[in-house]
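K.L.:
Input: one structure, supplied below.
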Amino acid sequence: MRVGTGVLAGLLAAAIVAGAAIGSLWLSVSGIARNPSLLPARDAIVSTGVPGSLNLLLIGTDSHAVGSEANVLLIVHVNGGRNRVDVVSLPRNLMVTAADGSLRRLSRHYAEGGAAAVVKSVEGLLDIRIDHVALTWLEGMSRLIDLLGRISVDNPVEATSQGFRFPKGPITLSGEEALAFVRQGGTSPGDLDRAESQRLVLQGIVERLLTSKALLNPGTVKAVLGQLAGEIEVDSSLDARAMIELFVDLRLRSSQGSPASIKLPTAGGGIAADGTGYVLPDSGRVADLGRALNTDTLDAWVR
């Protein structure tokens, strides 16, 4: 999906990276791996959303190995005016219908069918179109966080991990602290689930990528993109030009501040045959959320 207007975005990009070599920036973005298998094979379909809007599915996992489960699943929604970003968090243990009609947790959809299987399930669940997919490996994000100048998370549980103390409430994390935060993995009552700590960190990274003043520095932009190239891959349609135009649009148009954070509505859960817990979607409220995504009315949903 092509975003923005090529000529205008090119001029704006030149203004943002004034004094930097555009060719070098382009090479950094081009270095991010493209994977054609992240999106399912499908005919060209007119998006059900507002023209210019975009839904990117961000999947975070611990391992490059085939068969690894997804730990974090986020929908990053950009509105048609390119001045608002919302992040919808999907529970990894959400029970969703697979293509064959069976019920599986979203994390298993990824382990068994890859990102494309998750895309199909999420599109069916919310009746939306996923335009792009980004896959990231969470263990490699420490240097990226330091380049961005720390990240903020709202920590739900006071904890200590690897010599760091994390009080309950809003905290800021360096790269080293973020790795300790996501490695808590406690199993005692009241401990923060590892998948939840990873979700908080990845969401904090997304917020910093969209709001950090450090990214007004051409050298920092190049360093961040270079670091991302080793820790992320995207679908083939999200090419270098599309990425630069989207980044420029969001940096220049958005006056929102931090992206709004939304959790997909759930309605109870249980224990599966394999002993793992699961949650069920609240079908009525999930349908409302899907309509809000398709009509760019997530601001009303958040309120």
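K.L.:
Based on DSSP, what percent of beta bridges with both residues in the chain are antiparallel, to the nearest 5?
P.N.:
Antiparallel bridges make up about 70 percent of those DSSP assigns within the chain.
K.L.:
Something else: Roughly how many debye, to the nearest 20, is the charge dipole of the chain about its Cα centre, given +1 on each Lys and Arg Cβ, -1 on each Asp and Glu Cβ, and no other charges? Spell out each step's value before the answer.
P.N.:
Numbers: 28 positive and 30 negative charges, 114 e Å.
Using Cβ point charges on Lys, Arg, Asp and Glu, the chain gives about 540 debye.
K.L.:
Cα-Cα pairs above 28 Å in the chain: how many percent?
P.N.:
37 percent
K.L.:
Which value, in Å² rounded to 10, gives the accessible area of ARG199 with a 1.4 Å probe and all protein chains present?
P.N.:
Approximately 20 Å² of ARG199 is accessible to the 1.4 Å probe.
K.L.:
Taking amide hydrogens as modeled 1.01 Å from N in the peptide plane, which residues meet the under 5 Å criterion relative to PHE166, leaving out close sequence neighbours?
P.N.:
Under 5 Å from the amide H of PHE166 lie the amide H atoms of ALA159, THR160, SER161, each far enough along the sequence or on another chain.
K.L.:
Please work out the average accessible area per residue across the range 31-149, using the 1.4 Å probe convention, and give it in Å².
P.N.:
37 Å²
K.L.:
Continuing with this model, one more query. Going from most exposed to least, what order do ASP249, ASP127, ASP62 have by accessible area with a 1.4 Å probe? Can you show the working numbers first?
P.N.:
Details: ASP249 5, ASP127 110, ASP62 60 Å².
Greatest to least solvent exposure: ASP127, ASP62, ASP249.
K.L.:
Which value, in Å² rounded to 10, gives the accessible area of TRP301 with a 1.4 Å probe and all protein chains present?
P.N.:
In the full protein context, TRP301 sits at about 70 Å².
K.L.:
Which parts of the range 80-100 would a label at VAL302 reach, counting a residue when its backbone N lies under 18 Å from a point 7 Å out along Cα-to-Cβ?
P.N.:
Taking a point 7 Å out along Cα→Cβ of VAL302, the residues of the range 80-100 whose backbone N falls under 18 Å are 80-90.
K.L.:
Which ³J(HN,Hα) values, rounded to whole Hz and listed in residue order, are derived for the range 51-59 from phi using the Karplus coefficients 6.51, -1.76 and 1.60 in 6.51 cos²θ - 1.76 cosθ + 1.60 with θ = phi - 60°, glycine and proline given as x?
P.N.:
Per-residue couplings from phi come out as x, x, 6, 8, 10, 10, 8, 9, 10 Hz.
K.L.:
Same structure again: Let me check something: with ligands and nucleic acids excluded, how do LYS213, LYS263 order by accessible area (1.4 Å probe), largest to smallest?
P.N.:
Reading off the accessible areas and sorting them downward yields LYS213, LYS263.
K.L.:
With the chain treated as a Gaussian network of Cα nodes joined by springs under 10 Å, which of ALA267, ALA242, ALA229 yields the largest mean-square fluctuation?
P.N.:
With Cα springs under 10 Å in the chain, the top fluctuation among ALA267, ALA242, ALA229 is at ALA267.
K.L.:
Could you order ILE151, ILE244 by accessible surface area, starting with the largest, using a probe radius of 1.4 Å?
P.N.:
ILE244, ILE151
K.L.:
Let me ask something else about it. Pull up the DSSP beta bridges for the range 45-137 and report the antiparallel fraction as a percent, rounded to 5. Mind showing how you got there, number by number?
P.N.:
Details: 16 of 22 bridges.
Rounded to the nearest five, the antiparallel share is 75 percent.
K.L.:
Running a GNM on the chain with Cα contacts under 10 Å, which residue among VAL76, VAL182, VAL66 ends up with the highest mean-square fluctuation?
P.N.:
Among VAL76, VAL182, VAL66, the largest mean-square fluctuation in the Gaussian network model of the chain belongs to VAL66.
K.L.:
Straight-line reach from LYS120: which aspartates and glutamates have a Cα under 15 Å away, not including same-chain ones fewer than 8 places off?
P.N.:
ASP43, ASP100, GLU112, ASP131, ASP235
K.L.:
How big is the accessible area of GLU176 in square angstrom, nearest 10, if you roll a 1.4 angstrom probe over the protein chains?
P.N.:
Here the accessible area works out near 120 Å².
K.L.:
Between PRO281, PRO167, PRO218, find the one with the highest GNM mean-square fluctuation for the chain; connect C-alpha pairs within less than 10 Å.
P.N.:
Between PRO281, PRO167, PRO218, it is PRO167 that shows the largest mean-square fluctuation.
K.L.:
Here's something else I'd like to know. Just from its helices, what would the mean residue ellipticity at 222 nm be for the chain, if runs of 4 or more DSSP H residues each count -39500 (n - 2.57) and the sum is divided by every residue, rounded to the nearest 500 deg cm²/dmol? Before the final figure, lay out the partial values.
P.N.:
Working: 10 runs with 120 residues, N = 303.
It lands at -12500 deg cm²/dmol.
K.L.:
Additional query: Hydropathy first: keep DSSP H helices in the chain averaging at least -1.0 on Kyte-Doolittle, then drop any whose Cα extent along the axis falls short of 24 Å, and list what survives.
P.N.:
194-211
K.L.:
Going by the alpha-carbon gyration tensor, a ≥ b ≥ c the square roots of its eigenvalues, is the range 112-246 rounded (a/c under 1.5) or, if a/c is not under 1.5, prolate (a/b greater than b/c) versus oblate?
P.N.:
Oblate, because a/c is 1.5 or more while a/b does not exceed b/c.
The values are calculated or read from the model by the stated rules, or taken from the named source; none is laboratory data. These numbers were taken from a predicted model, which means no experiment stands behind them. Backbone-built Cβ (ideal geometry, glycine too); neighbour counts: all protein chains shown. These accessible areas exclude ligands, DNA and RNA; they are computed on the full protein's heavy atoms, side chains included. Shrake-Rupley method; radii C 1.70, N 1.55, O 1.52, S 1.80 Å.
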